[in-house]
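The values are calculated or read from the model by the stated rules, or taken from the named source; none is laboratory data. Everything numeric in this text was worked out from a predicted model, so none of it was measured. Backbone-built Cβ (ideal geometry, glycine too); neighbour counts: all protein chains shown. The protein model used for the area step is the full one, side chains on, heavy atoms only, and it has no ligands, DNA or RNA in it. Shrake-Rupley method; radii C 1.70, N 1.55, O 1.52, S 1.80 Å.
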Amino acid sequence: LLTEERTIRTFEIKPTAFLKSVSVTDAEAQSYYDQNKSLFAVPESVDIEYVVLSPESYKNIKASEDDIKTFYEQNLQRFSTPEERRASHILIAVNNEKTDADAKKEADEIYKQLQADPSKFAQLAKSKSADPGSARQGGDLGFFQKGMMVPEFDNAVFSGKKGDLVAPVKTQFGYHIIKIVDVKPAQAKPLKEVRAEIEALYQQQAAIRAFAEDAENFSNMVYEQSESLQPVAERFGLKIQTVKNVTRDFEDQLINPNVIEALYGYDVLEDKRNSNAIEVASNTLLSARVTAHHKQTVKTFDEVKGDIVATLKNQKATEAARAQGSADIAKLLDKKSASGKFGDKTVISRERPGAYAYEVVTAALRPDANKLPTYTGVQTQDGSYFVIEVQSSKKIEASPEQLAMRKAELAQLYSNPEQAAFISGLETKFGTQILKDEYKPGYQPTDEDVAP
């Protein structure tokens, strides 16, 4: 069923072709309105105003020159480039072929050679080092900061000075002979280079501190002076914002379910008081009040008549497209001309539907394969009617891989109790019988079943 291929041709009858020829009477529109008033219900809603207190409310805080200098001095490390060192090493590894004593002895011998002639470091690294990555570079590890290497290696490199040859150091990898090639000392950026960054950081931290200090006062004020948001707006320099038609299922970034619950509470909705300060995000408090309450209503017929007429015209056009398609199929079966022209032939299957909608593919595969060629049709969800010429059918044998995959899918299908119960009900209703064990409920495929 999944792999069967059918060669088809189609032509499409679109509902839009009939829109000009269909009409809707006032009586039809009124009848539709009377029978579907729930479609035109306007849900209960409120118009609101609200204020928000957050660190953003303090963005006008500016740092003084003394503040900037103090911040810079107290956070100097933040504006400094840490010390970096460049080193080369020769690793003598401890492994199954070389004991710790043997590795130590070899490392000491290489160290003595380098003490006598430091210029041989790169040559010996290429020939002796067990670290292939750096060995190709003459032992060079490039620049790195403290803490980037294993502790023993790190301490050795950052304890010496530029040009030092460090005696063999043992780590988990073996013994390292190290040369400290270069040193880049830590360097602080001058104040003028980081002034803008400091001003932004200072403002951010100062705003958070100011918010924390004022949060309790904000919460108390919206409660104690609950008849208006104007006092709290003036006290904290906040803008009163408005939103209209906030329904019970309305939601955005600030007007979240907690705010909605407060808005439709008795104190806020009926007594027109401010809501409590509600935390709508981290470091963000909101208080709202209802300015108007709109109870659920139904739009009048005159308000929605245009929409109803458009809906009914589309329905009639869709019905006309279906009627035309059915008439065309009857003509074609009677070897007469149809209203449309077939397109190029296409080969489709359930697995490879091409550009066709699901409904078209299903309709094309429904006719008996022994009674082809034939004509059939189907209407898709968008209202278009497809007249289908089914020319031929070709059965494709499923491969072992495909069968194994289908068996696994069936096993998964039957493992779901609800699906298994539904299928069992269908089997009882239609009197079906499963002949193969591997398709029966509870069957688990064996390794042989799923082998390629």
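Points to keep in mind about this one:
The rows are residues; the columns are (1) in contact (Cβ under 8 Å) with a residue 12 or more places away in the chain; (2) over 43 Å from the mean Cα position of the chain (by Cα); (3) farther than 30 Å from VAL194 by Cβ.
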{"site": "TYR32", "(1), (2), (3)": "yes, no, yes"}
{"site": "LYS37", "(1), (2), (3)": "yes, no, yes"}
{"site": "TYR58", "(1), (2), (3)": "yes, no, no"}
{"site": "GLU83", "(1), (2), (3)": "yes, no, no"}
{"site": "LYS104", "(1), (2), (3)": "yes, yes, yes"}
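- Inside segment 373-398, residues that are open to solvent by less than 40 Å² (accessible area, probe 1.4 Å), free of Cβ contacts under 8 Å to residues at least 40 places away in the same chain and over 13 Å from ASP328 (Cα atoms) make up a count of 1.
- Any chance ALA93 is of a type outside the set (Val, Ile, Thr) and under 46 Å from the mean Cα position of the chain (by Cα): no
- Within segment 236-259, being farther than 10 Å from ILE48 by Cβ, touching an Asp or Glu at 6+ places or on another chain (Cβ under 8 Å) and open to solvent by less than 60 Å² (accessible area, probe 1.4 Å) holds for PHE236, ILE240, THR247.
- Single residue of THR99, THR3, THR10, THR16 found to be open to solvent by less than 70 Å² (accessible area, probe 1.4 Å) and either among the charged types (D, E, K, R) or out of contact with any strand residue (DSSP E or B) (no Cβ under 9 Å at 6 or more places or on another chain) (or both): THR3
Let's see how each residue does on (1) acidic (Asp, Glu); (2) within 19 Å of MET221 (Cα to Cα):
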{"site": "ARG248", "(1), (2)": "no, no"}
{"site": "ASP252", "(1), (2)": "yes, no"}
{"site": "ASN256", "(1), (2)": "no, no"}
{"site": "ILE260", "(1), (2)": "no, no"}
{"site": "TYR264", "(1), (2)": "no, no"}
{"site": "SER275", "(1), (2)": "no, yes"}
{"site": "ASN283", "(1), (2)": "no, yes"}
{"site": "VAL290", "(1), (2)": "no, yes"}
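One line per residue, one yes/no per condition, for (1) over 30 Å from GLN402 (Cβ atoms); (2) open to solvent by 70 Å² or more (accessible area, probe 1.4 Å); (3) without any contact (Cβ under 8 Å) to a residue 12 or more places away in the chain:
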| residue | (1), (2), (3) |
| --- | --- |
| THR318 | yes, no, no |
| LYS345 | no, yes, no |
| ILE348 | no, no, no |
| TYR356 | no, no, no |
